[in-house]
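Worksheet for the structure shown next.
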Amino acid sequence: MPYTRDLSDEAIDEAVELARDVAPELDAVLLTHYPDAEALDTVRPGEIDLGTARAVNRAVAAEMIDQGVEVFVQRADRAAFRRWMQERENTPENRRAWIDRCRLLRGAIALRLLGVDADASSPPGPEFDKAPGPIADQLLAAFIAGSAEVTSLAVDLLTAGRDDVLDLAIRKASERHGGQNADELATALQSAAEGGAVGPSGWAELVTLPVALPAHGLPDAAALGESLLASGAFEETTELRFLPGWRSPQALARLAPGALRRVLLDMVAGTEPRDLPAGEADELVSDGFGVLVGLQIDWDIPVWDEIAAAGGFPGGMDDEEAAQDPEQARMSAIFDRWRTSVFQASGGCVPLALVSPSEVGAEIAEFLDEAGAQTRGLEEIVEFIAKAKQQAGDEDIVCRVEIVGEGLELALYTEAGRFLDGLTVPEDRLPARAVEMPRLIGSFVRVVREAPGR
């Protein structure tokens, strides 16, 4: 009697072929293991039988590993899945998007759960000679040639903890090609160190929020970070955890690439970074800027069930489409509103943009350049304050700043509460954005939230 292929064989073959097609586009993939038929019926009612579901998982995992894709596994838990669905419409799309963030498995333990040979899950990393010179020469040559090998080699060296090679390459770049090339290589290595295939989702990176600090004191870093997280300015697939204290921009800039990678690893482990202790309050206020350092975990792991349903890997948006994305525009507006509320609540604290550690210096410089590039209106404000000081005599004065639309309203008082004068400055006469002006005004007069005596 001739052999007849059953539906499970066809499902397995189709899944393997699809996995082979999409693997080159993936760094990681998430499979869902079903411990019993009840769990399968809860998550994927009526779609597939338990034996076929498990066989497909094993075949897909084996193919992905062969292609160098990391396999994550979540165990279908009916209670956790139902909690996920409580806030979502009961659609196949939402069911397939479920990720149990708290209990993802990776590596050998994940593969054993699927019934796959776990020995294939951990390919050995590259081995480097003990002598740093030849490897540093290789890294420098790739950098000078503009080769993409720079990033992959830097990541391997960072993973191996070869700070000696990275530091030597930067020194050689300075000696052979000048300081500018050395700085550019250092920046490239820092960028490679800022993120990596680590953390519970398989990818985590460092982010920073540089902040122009008010002259009258240091805001609560933990409260500021918590308010940003609560603002709704981030996608559901982004998890952000801030360190509780302020860090110095100068200390951050001095970190070598290896030290920056250790900061990332410490934060993934939930510990204070040894290489980046909290800054001194007086020094931060004196310098005028502080930095919140955060760990951003990317939970946008491709889910195999979504790939299978789509018949391929869903393509992402290009840069032009992303710039026009309504959701991105909405979150950007939320972030701007949050910045305004922080300024108003803190009496002059101005958060800048959320950037990578290697971009902090440029972000602060851009802020100062914007503040100094357009002097229209600044002389008017300085003259306004100078006249009020003359009017106040021996009394100290303070300034209450209120943002009205995109302009400012300034009110000057003596510290005893006597009103001296007011000034309205429209947007077209401001040397910087309204939300950033208190930092400048605070260099001439103390800024207060409320009028004295009220």
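The values are calculated or read from the model by the stated rules, or taken from the named source; none is laboratory data. The structure displayed is predicted, hence computed values, not measured ones. Ideal geometry is used to build each Cβ from the backbone, glycine not excepted, and the neighbour counts take in all protein chains shown.
Looking only at residues of the stretch 406-431 that are surrounded by fewer than 21 Cβ atoms within 10 Å (Cβ to Cβ) and either among the aromatic types (Phe, Trp, Tyr) or in a loop (DSSP other than H, G, I, E, B) (or both), we find that the one that is modelled with the lowest pLDDT is 431.
Annotation: of all residues in the stretch 259-291 being in a helix (DSSP H, G or I) and of a type in the set (D, E, K, R), the one that is nearest to residue 358 (Cα to Cα) is 261.
Checking each residue of the stretch 98-105 against the condition of being over 26 Å from residue 196 (Cα atoms) and in a loop (DSSP other than H, G, I, E, B) gives no match. Quick check, is residue 93 in the same structural domain as residue 116 (by TED's automatic domain parsing), part of a loop (DSSP other than H, G, I, E, B), among the charged types (D, E, K, R) and out of contact with any His (no Cβ under 6 Å at 6 or more places or on another chain)? Spelling it out, it is not the case that residue 93 is in the same structural domain as residue 116 (by TED's automatic domain parsing), part of a loop (DSSP other than H, G, I, E, B), among the charged types (D, E, K, R) and out of contact with any His (no Cβ under 6 Å at 6 or more places or on another chain). For first residues located in the stretch 162-175 and outside the structural domain of residue 256 (by TED's automatic domain parsing) and closer than 15 Å to residue 142 by Cα, partners that are buried (at least 18 other Cβ atoms within 10 Å of the Cβ) and of a type outside the set (A, V, I, L, M) and lie 6+ apart or on another chain with Cβ distances below 8 Å form the pairs 165/132; 166/257; 166/258; 168/132; 169/143; 173/143. Residues satisfying the criterion are present in the stretch 92-99 (criterion: under 19 Å from residue 307 (Cβ atoms), within 28 Å of the chain's Cα centre (by Cα) and basic (Lys, Arg)). Among the residues of the stretch 211-263, those identified as crowded, with 16+ Cβ neighbours inside 10 Å, over 23 Å from residue 336 (Cβ atoms) and charged (D, E, K, R) are 247, 261, 262. Do we have any residue at all in the stretch 354-377 that's out of contact with any Pro (no Cβ under 7 Å at 6 or more places or on another chain), in contact (Cβ under 8 Å) with a residue 60 or more places away in the chain, among the hydroxyl-bearing types (Ser, Thr, Tyr) and surrounded by fewer than 19 Cβ atoms within 10 Å (Cβ to Cβ)? Among the residues of the stretch 354-377, at least one is out of contact with any Pro (no Cβ under 7 Å at 6 or more places or on another chain), in contact (Cβ under 8 Å) with a residue 60 or more places away in the chain, among the hydroxyl-bearing types (Ser, Thr, Tyr) and surrounded by fewer than 19 Cβ atoms within 10 Å (Cβ to Cβ), which makes the answer yes.
Okay, residues lined up against (1) modelled with pLDDT under 90; (2) of a type in the set (A, V, I, L, M, F, W, C); (3) within 29 Å of residue 98 (Cα to Cα):
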| residue | (1), (2), (3) |
| --- | --- |
| 309 | no, yes, yes |
| 316 | yes, no, yes |
| 331 | yes, yes, yes |
| 347 | yes, no, no |
| 357 | no, no, no |
| 361 | no, no, no |
| 368 | yes, yes, no |
